[in-house]
Each structure stands twice: as structure tokens, then as C-alpha cells.
Amino acid sequence: MRFSGGDQLDVIRDELNMLITQNEPTFKPITKRKGRAGQFEISEDSHALLCATLGLNAVQ
């Protein structure tokens, strides 16, 4: 997943991480990829949780 816009990306990531924490506190949050501007990492469990919570279809 790629975005651009610095501060906006942080806000979006923080909001998604809040959803993860509220629903499954033990799941890993979304993190920035080191050395990659505007790229993030998300675990499979957290990705599936967000898709289910937001009513989205997971894309492989």
C-alpha cells in the first residue's frame, strides 16, 4: 500500500492503528518501512482485521 502526503499518512496510519488496538490489542500496528518513504508494513492478521472491520475485500 502506498500513499503520499507525509502528515496525512501519519493521521491515516494512526486512525487505522486505533481500530486495530480497539478490536485486537495483541495485533501488531501498522509501521513505517525503514528506508522507504511513504511505505508501510502491516501483519496479515491486522490486514484481515481492518478489511473485516471496514467491510473491504482483501487484495492479494
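The values are calculated or read from the model by the stated rules, or taken from the named source; none is laboratory data. The structure displayed is predicted, hence computed values, not measured ones. All Cβ positions, even for glycine, are placed from backbone atoms using ideal geometry, and neighbour counts span all protein chains on display.
Looking at the stretch 22-41, is at least one residue modelled with pLDDT of 85 or more and small (Gly, Ala, Ser)?
No: the stretch 22-41 contains no residue that is modelled with pLDDT of 85 or more and small (Gly, Ala, Ser).
Pull up the stretch 9-37, narrow it to residues that are part of a loop (DSSP other than H, G, I, E, B) and surrounded by 10 or more Cβ atoms within 10 Å (Cβ to Cβ), then point me to the one that is nearest to the chain's Cα centre (by Cα).
ILE30
I need the full set of residues from the stretch 38-60 which are among the hydroxyl-bearing types (Ser, Thr, Tyr) and either under 14 Å from ARG13 (Cα atoms) or surrounded by fewer than 10 Cβ atoms within 10 Å (Cβ to Cβ) (or both), in order please. Spell out how you get there, then give the answer.
Let us first name the residues in the stretch 38-60 that are among the hydroxyl-bearing types (Ser, Thr, Tyr), namely 43, 46, 53.
SER43, SER46, listed by residue number.
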